[in-house]
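Engineer: I'd like to ask you about the structure that follows.
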Amino acid sequence: MVDYQHEDEILGKAYDGRLMKRLLRYAFPYKWRLMMGIFLSLILTGIFIAGPLLIATAIDRGISRSDTLFVIMVMLMYLDSLILQMAINYINSYLLISLGQRIMLDLRMEVFTHLQKMSLNFFDHNPVGRLVTRVTSDIVALSDLLSMVIVAVINDIFLICGLTIAMLWINPRLALIPISSIPLALIVLFIFKPRLRNSYRLIRQRLARLNACIQESVAGIRVTQVFNQEERMMNKFKAFNQEHYDANYKAIIYFSVFMPLIAALSGISIGFLFYYGVGEVIRGVIKLGILIAFLDYARHFFSPIQDLTDKYSIFQGAMASAERIFRILDTEEEIKDSVAPKHLTICKGEITFDNVWFSYNNEVDVLKGISFTIKPGESVALVGMSGGGKTTIISLLSRFYDVKKGRILIDGVDIRDIPQSELRRQLGVVLQDVFLFSGNILENIRLNEQSISLDRVKDIAQYVNADKFIEKLPDDYLTKVEERGTTLSSGQRQLLSFARAMVFDPKILILDEATSAVDVETEYYIQEATSKLIKSMTSIIIAHRLSTIQNVNRILVMHKGEIREIGNHQELIAQKGIYYKLYQMQYL
Amino acid sequence: MFRNLKIFIEYLRKYRKQFWIGTIALFIVDLLDVTPPLIIKYGIDHLGDNDRDKKLLYAVAAYILVVLIQAFFRYWMRIGFYGMSLLVGLDLRNKLFAHIQKLSVSFFNTTKTGDIMSRATNDIEAVRGFFQHGIFILIDNILYFTYVPIILLYLSPRLTLYAVLPLLYLPFFANRMGNLIHRRFKDIQEVLSEISAKASENFSGIRVVKSFTQEENEISGFRNVNVKSYNKNLWLAKLDSFFGPFLGFSVGVDVFVVILFGGLLVISGDIKTGTLVAFYMYLRQIAWPMMGMGMVMSNFQRATASMDRLQEIFQTKPEIVEAAQPVTAFIERGEIEFKNIQFSYPHSLDRYSGKESARTRTPALTDINLKIPAGSTVLVMGPIGSGKSTLANLLVRFFDPSGGDIFIDGVNIRNYSLGRLRGSIGFVPQDIFLFADTIKENVLFGVNIGAANEQSSDVQVYTGLVQMNEVIEKLPEKYNSLLGERGVNLSGGQKQRLTLSRAIAKKPSILILDDCFSSVDFETEQAILNSLKAVLKNRTTLIISHRLAAVKLAQFIVFMEDGRVVEKGTHQELMTKKGHYARFYEYQKLKESLEGE
């Protein structure tokens, strides 16, 4: 529940490096595109460096010699370089952004695909909102990293190298002035970097705590209000908010010293460059244009440092997101297909529970040594009080969870040896709470299985009495329904759920009867459909309706994780045991 | 778009100290930023002079001085604007939190926590971003575009004309591109929410997906939306990739024009080389503020949209309001009277799930008339959804009845101050909620802050009443153990018992136990009730339950069905009546005996 508090631990330097390395692995499939981008960046750096040189040439050989034609020719070359620069810049930028987007697509699909494999236990422990954040905001944060930071880093590195080489090549002595200030800049950087990093971490932690506080206070608002503790909560929050502010303020002071310091360093080195450079011009060692070009270069020499510092917060945020995403990818699925799977050739539908033990949290056993066999075509009702283990039985049969001890067999094969998809294909599941996907009725019956035709859906709907209400809807099978839809009554949802189960042609019916009351007509349709279905295949039903109970071959009475009584309705009534009491309770 | 301007200006006024520090510093920084090209021009123009060495030294000294002064003011500029933005964030957060604390329960039933969180985080951050970057860039631009043209005009009006003409269309171009980018960006946001909806639906319906082995199909469906998002992003990338390089190109063309025509002017002797160089340098400097204009606009748009979303919350008024002149006396005796109470939940929302449901569209309570004598213990029974908890919710004024009145000690509860009313009632709600805090803090949650320094021994008394001391003593940190995800793991029943002790620690005159033993086994419930006997004496107590353990404690029993009180009286009376209660009693007895088997 306290999502925000959990996610931020202090991450070491090595850790960020590891995350970065792992992220870069996603670029590997696109290495040629990346190489191309890097190559184009290299060309762009070249053009960028050539610009001031062309202007220097125009000044030195054209303007100062009053050679108009030469000025025009050089400046036209400059114009050409501008056009070339724009074109390559466009291609390069598009290339790198699309690369970032491509990686994002891959990563998001990987996370989603991975989540599809996770067991229900995982979903029980991770709220939907948290998982949605992983595939949305966290991925977007990574895209910011890919499209802004990485491109900037590549460009900045090229720029520093390119400028150094160019300056050394043109005039090594003059070049030494800006280059010699680099160690100074690095010292400043190394003094500030750990402080900036630590204060960013502090901000992140305090923000997490602040958000956790908001979240908790919303969750506990009733308690706060009824205990009159709004003020106490407010004070607590104010303290967290102030701490967050303080951490931010500290970072800002570091930044406010660091950035002007770098700017000053840059300015001073330009000043010296100018002083010495003008001297060189006077001594006739270099021309004026070259000096201007040098001043231009020196101005850009420091911008990468400022640029990268500016992007530090994006980098930090992205690292936090990367960590959360990888944490999901590193969670192994609990339920795996067997490496040597066995296949059910023709599923007859015999179900055997052999001394099955199970617990959800490794503390309380929900099932304690359950054993029973359901013969092919037989129908069995599970009855008992809530918490007795009925729902667990059908969850285990679908292999949403694995048994703790014992085994479950279908046609004599342990379900852990059957590939999950094959196993679940045999089962037609009707759950108590019918989940509707946003889409129309047709899509809600056949789900995404396009191979099932509309005619087949109609046939099945008719078979389970769902056609009666569907055909009354405005667009019959094409009527839109909403997620957690309110447009269908609970009875109609049950009928739809019957159709959904049957259209996949299952061999075993698993039915968790809904308890909610429905109108008389729908109730009749549901009863009729239920009795038809349980006669047609092996069925296991959590039964609440007397009509269903009387229709099945056998009743298993579940109580506190055990099967306490077995028999048909009359036999169990005569036994005057648990079933008898349950029956009495139902009809008091 | 300008409707939030007033709020922004108010903030500027509120933090005017930071604002002026930043603005004045920025004013000086920008003013000085104009000088380097001039100094360089000066140096170049005097290359041929006799005392050139001295002049050059002066020029460089002036340059370095400028740089140092700038660095000093750059510090204050950042401190001012960033500091202001942080204060705005701090203030907005505090305000939002304080406001949320006051909102009524019905607001939280209709608003998702995630929605509130996103406003408290993203939206406040967007508003803060405007104060940090938007206002800064705006002022920076205004200053820059005032200084530079003046100096350029002073240096050479003709060259200024050449230099400015090719750039005139840029602000319009940037604005137009900004709009286009904004539109495409909004498109992308829409696809992103599609992705989020798709993922959310899949995770919520994972049981169905797995049952019907639809994982592959779901993955390909999810891929489709993602490919759509990918394509939309590329569509934006085309614009984005054009925008930056084109601005660079525009500035480049301007340099081309200036050097070409300026060069010709130098050749013809109209201007000096130094002037040309100064022009060139100004142009290189001006590129960034040009682009900044577009950023200010999008920054402002985002901030106003976020401010709108914050205002939505600020303008939500608490539904439960105090009387103008509330009674400030504490509730002494605790006599409760419900008179002709009618009530339906607002927005037809289900009380449990927050979803719209058919059941609650019917009134939750109808014609409730009930008098509970001071100091008595009353057991409210009835099937799920019969309105028992609603009775409790009305008593603590989570909701107000739509008809009728509730009196405590003869005073309409609407006339008490909320503090006095709720302060006199110890409420144990159905859902178990404890804060991620220590056991001690949780138990003493309702005790006034002044008295919160009570000794652990007092905590022990309260936890002892709910049979928790043995459990707590075994914990390494005992009463200072942290609860919640990072703390100790207590069972549902143990947590429920702590919520009970939290209510008792308040020493209330009225105690409401809303189904607060649901996670506790029968024996423990009986033991707790026995130890509570002394506490319940002289306290009006409402026990809402469908279990039988409390029957012996209750002086009389109220039986509810479908929002009405159908029977009331002592256990004996109701049993002899052989009505609803008697039947329910038998049912429950059977059920409890079954639990024992």
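The values are calculated or read from the model by the stated rules, or taken from the named source; none is laboratory data. A quick note: this is a predicted structure, and the numbers were derived from the prediction, not measured. Don't worry about glycine lacking a Cβ; one is built from the backbone with ideal geometry, like all the others, and counts go over all protein chains shown.
Engineer: For region B:477-513, name all the residues that are without any contact (Cβ under 8 Å) to a residue 60 or more places away in the chain and not in a loop (DSSP other than H, G, I, E, B).
Structural biologist: Across region B:477-513, the qualifying residues are B:LYS478, B:TYR479, B:ASN480, B:LEU482, B:GLY493, B:GLN494, B:ARG497, B:SER501.
Engineer: For region A:274-331: of the residues being free of Cβ contacts under 8 Å to residues at least 24 places away in the same chain and of a type in the set (Phe, Trp, Tyr), which is surrounded by the most Cβ atoms within 10 Å (Cβ to Cβ)?
Structural biologist: Ranking the qualifying residues of region A:274-331, first place goes to A:PHE274.
Engineer: Looking at A:ASP80, A:ASP60, can you tell me which residue is modelled with pLDDT of 90 or more, more than 8 Å from chain B (Cβ to nearest Cβ) and in a helix (DSSP H, G or I)?
Structural biologist: None of the others qualify; the one that does is A:ASP80.
Engineer: If I filter region B:404-421 for residues that are among the hydrophobic types (A, V, I, L, M, F, W, C), in contact with a helix residue (DSSP H, G or I) (Cβ under 6 Å, 6 or more places away or on another chain) and away from chain A (no Cβ under 12 Å), do I get at least one hit?
Structural biologist: Yes, there is a match, as at least one residue in region B:404-421 is among the hydrophobic types (A, V, I, L, M, F, W, C), in contact with a helix residue (DSSP H, G or I) (Cβ under 6 Å, 6 or more places away or on another chain) and away from chain A (no Cβ under 12 Å).
Engineer: Still on this structure, I have one more. Filter region B:380-396 down to residues that are among the aliphatic types (A, V, I, L, M) and within 12 Å of chain A (Cβ to nearest Cβ) and give me whichever is nearest to B:GLU337 (Cα to Cα).
Structural biologist: B:LEU395
Engineer: Take B:THR463 and tell me if it is over 27 Å from the mean Cα position of the chain (by Cα) and at pLDDT 85 or above.
Structural biologist: For B:THR463, the condition - over 27 Å from the mean Cα position of the chain (by Cα) and at pLDDT 85 or above - is not met.
Engineer: Continuing with this model, one more query. Residues B:PHE427, B:PHE399: which one is within 13 Å of A:GLN225 (Cα to Cα), within 11 Å of chain A (Cβ to nearest Cβ), buried (at least 20 other Cβ atoms within 10 Å of the Cβ) and among the aromatic types (Phe, Trp, Tyr)?
Structural biologist: None of the others qualify; the one that does is B:PHE427.
Engineer: From A:LYS390, A:LYS405, A:LYS375, grab the single residue that is farther than 28 Å from A:ASP505 by Cβ and over 30 Å from the mean Cα position of the chain (by Cα).
Structural biologist: When all the criteria are applied, what remains is A:LYS405.
Engineer: Against the definition (within 30 Å of A:LEU295 (Cα to Cα), part of a helix (DSSP H, G or I) and out of contact with any Phe, Trp or Tyr (no Cβ under 9 Å at 6 or more places or on another chain)), how does B:TYR63 come out, yes or no?
Structural biologist: Taking the combined requirement at face value, the residue does not satisfy it.
Engineer: Answer yes if at least one residue in region A:469-478 is at pLDDT 80 or above, more than 23 Å from A:ILE542 (Cα to Cα) and under 28 Å from the mean Cα position of the chain (by Cα), and no otherwise.
Structural biologist: no
Engineer: If we scan region A:86-94, do we find a residue that is within 30 Å of B:ILE267 (Cβ to Cβ) and not charged (D, E, K, R)?
Structural biologist: The answer is yes, given that some residue of region A:86-94 is within 30 Å of B:ILE267 (Cβ to Cβ) and not charged (D, E, K, R).
Engineer: For residues in region A:379-403 being in contact with a Ser or Thr (Cβ under 7 Å, 6 or more places away or on another chain) and under 20 Å from B:ILE206 (Cα atoms), which is surrounded by the most Cβ atoms within 10 Å (Cβ to Cβ)?
Structural biologist: So, considering only residues that are in contact with a Ser or Thr (Cβ under 7 Å, 6 or more places away or on another chain) and under 20 Å from B:ILE206 (Cα atoms), the one surrounded by the most Cβ atoms within 10 Å (Cβ to Cβ) is A:PHE400.
Engineer: Hey, A:GLY279 hits all of (1) at pLDDT below 85; (2) within 7 Å of chain B (Cβ to nearest Cβ) but one; which does it fall short on?
Structural biologist: All conditions are met except number (2).
Engineer: Within 29 Å of B:MET281 (Cα to Cα) and surrounded by fewer than 16 Cβ atoms within 10 Å (Cβ to Cβ): is that true of B:ILE139 in this structure?
Structural biologist: No, not satisfied.
Engineer: Give me the pairs, please: first residue somewhere in region A:112-129 and under 9 Å from A:GLU333 (Cα atoms), second residue anywhere and modelled with pLDDT of 85 or more and not charged (D, E, K, R), beta-carbon distance under 6 Å, and either six or more positions apart or on two chains.
Structural biologist: So the pair list comes out as A:HIS114/A:LEU329.
Engineer: Those residues that are more than 21 Å from A:TRP32 (Cα to Cα), at the interface with another protein chain (Cβ under 9 Å from one of its Cβ atoms) and buried (at least 19 other Cβ atoms within 10 Å of the Cβ), I need them from region A:83-115; list them, please.
Structural biologist: Those that are more than 21 Å from A:TRP32 (Cα to Cα), at the interface with another protein chain (Cβ under 9 Å from one of its Cβ atoms) and buried (at least 19 other Cβ atoms within 10 Å of the Cβ): A:GLN85, A:MET86, A:ARG108, A:PHE112, A:LEU115.
Residue by residue, here is whether (1) within 14 Å of chain A (Cβ to nearest Cβ); (2) more than 16 Å from B:ALA550 (Cβ to Cβ); (3) modelled with pLDDT of 80 or more; (4) touching a helix residue (DSSP H, G or I) at 6+ places or on another chain (Cβ under 6 Å) holds:
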position	(1), (2), (3), (4)
B:ASN469	no, yes, no, yes
B:SER481	no, yes, yes, yes
B:GLN496	yes, no, yes, no
B:THR499	yes, yes, yes, no
B:ARG502	yes, yes, yes, yes
B:PRO508	yes, yes, yes, no
B:GLN526	no, no, no, yes
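Engineer: Read through the list (1) within 9 Å of chain A (Cβ to nearest Cβ); (2) touching a residue at least 40 places away in the same chain (Cβ under 8 Å), then give the number of the only condition that B:MET307 fails.
Structural biologist: B:MET307 satisfies all of (1) within 9 Å of chain A (Cβ to nearest Cβ); (2) touching a residue at least 40 places away in the same chain (Cβ under 8 Å) except (1).
Engineer: Report every pair of residues separated by at least 6 positions or lying on different chains whose Cβ atoms are under 6 Å apart, first residue within region A:226-238 and facing chain B (nearest Cβ under 7 Å) and free of Cβ contacts under 8 Å to residues at least 12 places away in the same chain, second buried (at least 21 other Cβ atoms within 10 Å of the Cβ) and of a type in the set (A, V, I, L, M).
Structural biologist: Cβ pairs passing all conditions: A:VAL226/B:VAL396.
Engineer: Taking A:LEU131 as the residue in question, decide whether it is part of a helix (DSSP H, G or I), more than 9 Å from chain B (Cβ to nearest Cβ) and either at pLDDT below 85 or crowded, with 18+ Cβ neighbours inside 10 Å (or both).
Structural biologist: no
Engineer: Which fully enclosed helices (runs of 4 or more DSSP H) of region B:154-243 have 3 or more residues being out of contact with any strand residue (DSSP E or B) (no Cβ under 7 Å at 6 or more places or on another chain) and within 11 Å of another protein chain (Cβ to nearest Cβ)?
Structural biologist: Answer list for region B:154-243: B:170-204, B:206-211.
Engineer: Can you find even one residue in region A:335-353 that is in contact (Cβ under 8 Å) with a residue 24 or more places away in the chain, over 21 Å from A:ASN121 (Cα atoms), among the charged types (D, E, K, R) and in contact with a helix residue (DSSP H, G or I) (Cβ under 9 Å, 6 or more places away or on another chain)?
Structural biologist: yes
Engineer: Here's another thing I want to ask about it. Against the condition touching a residue at least 60 places away in the same chain (Cβ under 8 Å) and over 30 Å from A:SER119 (Cα atoms), how does B:LEU170 come out, does it pass?
Structural biologist: Answer is yes for this residue.
Engineer: Ok, one more. Name the residue that is farthest from the chain's Cα centre (by Cα), counting only residues in region B:517-569 that are part of a strand (DSSP E or B) and under 22 Å from B:SER593 (Cα atoms).
Structural biologist: Selected residue: B:ILE557.
Yes or no, residue by residue, for (1) charged (D, E, K, R); (2) within 17 Å of B:LEU283 (Cβ to Cβ); (3) in contact (Cβ under 8 Å) with a residue 12 or more places away in the chain:
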residue	(1), (2), (3)
B:GLY221	no, no, yes
B:LYS228	yes, no, yes
B:LEU234	no, no, no
B:GLY252	no, yes, no
B:GLY262	no, yes, yes
B:SER268	no, no, no
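Engineer: Of the numbered conditions (1) in contact with a Phe, Trp or Tyr (Cβ under 7 Å, 6 or more places away or on another chain); (2) surrounded by 22 or more Cβ atoms within 10 Å (Cβ to Cβ); (3) in contact (Cβ under 8 Å) with a residue 12 or more places away in the chain; (4) over 23 Å from B:HIS133 (Cα atoms), A:VAL223 satisfies every one except a single condition; which is it?
Structural biologist: Against the list (1) in contact with a Phe, Trp or Tyr (Cβ under 7 Å, 6 or more places away or on another chain); (2) surrounded by 22 or more Cβ atoms within 10 Å (Cβ to Cβ); (3) in contact (Cβ under 8 Å) with a residue 12 or more places away in the chain; (4) over 23 Å from B:HIS133 (Cα atoms), A:VAL223 comes up short only on (3).
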